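Have a look at the structure below, then the notes.
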Amino acid sequence: MTEPSKNSQTRGRTPKAPPPKPKPVQAATSATRATRHAPSKKQLETQRQKLITLGTGAALGMALLALMIGLCYDQLWVPSQPVAQANTAFLSRAAYWQTYRAALAYQSGLSAQYGAVDSVLTSNQQALTLRSSPENEQVITRWQDDQLLAQAAAARKLQATDAEVNAQIVKEMGSLLPPVTPTTTLTPTNVLTPASAPLTSANLVPSTSPTPTLQETNLKVKQISEKIYDKYVEEIKKAERKAYLAKDDFEKGLKQQFLRSVLSEKLATELVPEATFVPTTTIGLFRTRHILLKVPPGEAQPSAATPTPDENEKLFELRRAEAEELVRLLRSGADFAAFAKEKSDDPGSKDNGGDLSAFDKEGRTLDGQPLEPEFVQAALALEGDQISNPVRSQFGWHIIQVVERKPLDRANQLTTERDTKLNDLLKEQRQKGQVKRLPEPTPTPLPPTMPPLPTSKVLTGTNQLTGTQNLTNSMTNQNP
């Protein structure tokens, strides 16, 4: 049997088409997508600008934040920090600055009135550098004393009103007010009728002036403080400087000072009542006269060089011989007042024969001015009319004679006793209360114990110096 051929088997069927060749569809699609989504140069530049803007904004924001933090620290946090405590009262740094400025204004105002220009300029400079300088311990101690004073007064139900403070300012410094023409209102004691006698001084009675109101005394205090401020500005302008204290500082300075004065007087009067005070007969007041031989002699010239310590000692020795000769002549009967007028270098006393203000045992005059400790010590050791040996002070050589020794009068003894009791009270308050600086200072550690220095002697010419002396000398030479 013959086998059918392939053609006969496939006859009548549609031949299958060969499968198409695969096209690189995927590759073509990826390339097309990449081409379609590729950013243009403009888009790239826009994106870069956005990044730069965001970065700049972030940097500015950080800088602004740092600035705000710095301002908050400098203007809010630093001023609010306490620098001192007096029991329940705390002194913030901002209040300290204000208290210090008021104290500088009061001090410079007084200095300007008396022509002490150097003191005015010093206070003005301190006002400029106040915030950047270390705290002034005297100002802080004075504030603490004021708080203790007010607390002690409050415990005794004492206070100083604004009217009392203003009245004290006007009383003490009223000479700075503009002159006012005094007027006296005369009020008739009866009504004139035709039958009445004519008015005479017998039936005219001066009317009493009403007590000034708080508003009136405030105005006077403002006028006084403005007068002081104007004098301060005048001295500053003469020196071609800029004024760093404001007009308001001077009014605050006055009220700060006289509040202390009024409150002290009230508390002292409470501590030592006048009715129960018994004076003593103890010698407590000394009146002296002196002859001063200045060292260096004569008026100091601004351009003159300051003498070295060795030169200064030679000048003291030269004038000591002159002082000893004067002592010899005075003890022989020479007239002290005549010698003072001729020989003394003290312009404040020579024309009065050398007479000085009376002072107490503490060396303070009746108006509270301190005298040189060396002078006071020598004067207290003298008997009446005795002439002292030459007494050395920073000014030169003094020859002293005690003219009078007597008890303080009752009024001065009462004042002294009250001052003593008031100071004792404040001292006790400090010891018993919470009175301290803030933050409390860290104790300084003691330096380690140094090994003993060699005791071998070094010969220098004819002088023999120990190791300790050589070390001291070398430090002195390095720090002239």
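Some points to look at:
- Our note on the geometry: Cα centres of the stretch 118-180 and the stretch 356-384, 28 Å apart.
- Cα-Cα over 19 Å, subset of Lys231/Lys252; Lys294/Lys350; Lys171/Lys238: Lys171/Lys238
- The amide H of Asp346, built 1.01 Å from its N in the peptide plane, has Leu292 as neighbours under 5 Å, considering only residues 5 or more places off or on other chains.
- Under 5 Å, built H, 5+ apart or other chain: amide partners of Gly284: Lys406, Leu408
- Straight-line cross-link partners of Lys432 among the lysines, defined as a Cα under 21 Å from its Cα and at least 8 positions apart when in the same chain: Lys157, Lys421.
- Between the stretch 221-282 and the stretch 391-413, the Cα center-to-center distance that results, in Å: 28 Å
- Sorted by Cβ density within 10 Å, fewest first, the residues Glu428, Glu235: Glu428, Glu235
- Set of lysines near Lys50 by C-alpha distance (under 16 Å), chain-local residues within fewer than 8 positions excluded: Lys41, Lys42
- Val83 long-range amide H proximity, modeled H, under 5 Å: Leu91, Ser92, Arg93
- From phi via Karplus (6.51, -1.76, 1.60), per-residue ³J(HN,Hα) for the stretch 270-287 in Hz, x at Gly/Pro: 5, 6, 10, x, 5, 5, 9, 7, 10, x, 10, 9, 5, 4, x, 10, 10, 10
- Integer Hz, Karplus 6.51/-1.76/1.60 couplings in order for the stretch 308-324, x for Gly and Pro: 6, x, 5, 5, 5, 4, 5, 5, 4, 5, 4, 6, 5, 4, 5, 5, 5
- Averaged over residues, the count of other Cβ atoms within 10 Å places the peptides 122-134, 270-282 in the sequence 122-134, 270-282, highest first.
- Rounded to the nearest whole Hz, the Karplus-based 3J(HN,Hα) values (6.51 cos²θ - 1.76 cosθ + 1.60, θ = phi - 60°) of the stretch 102-108 follow the sequence 5, 5, 5, 5, 4, 5, 5, with x at glycine and proline.
Readers should treat all values here as calculations from the given coordinates under stated rules, not as data from a laboratory. Because the structure is predicted, anything quoted here is derived from the model rather than measured. Positions of Cβ are backbone-derived with ideal geometry, glycine not excepted, and every protein chain shown enters the neighbour counts.
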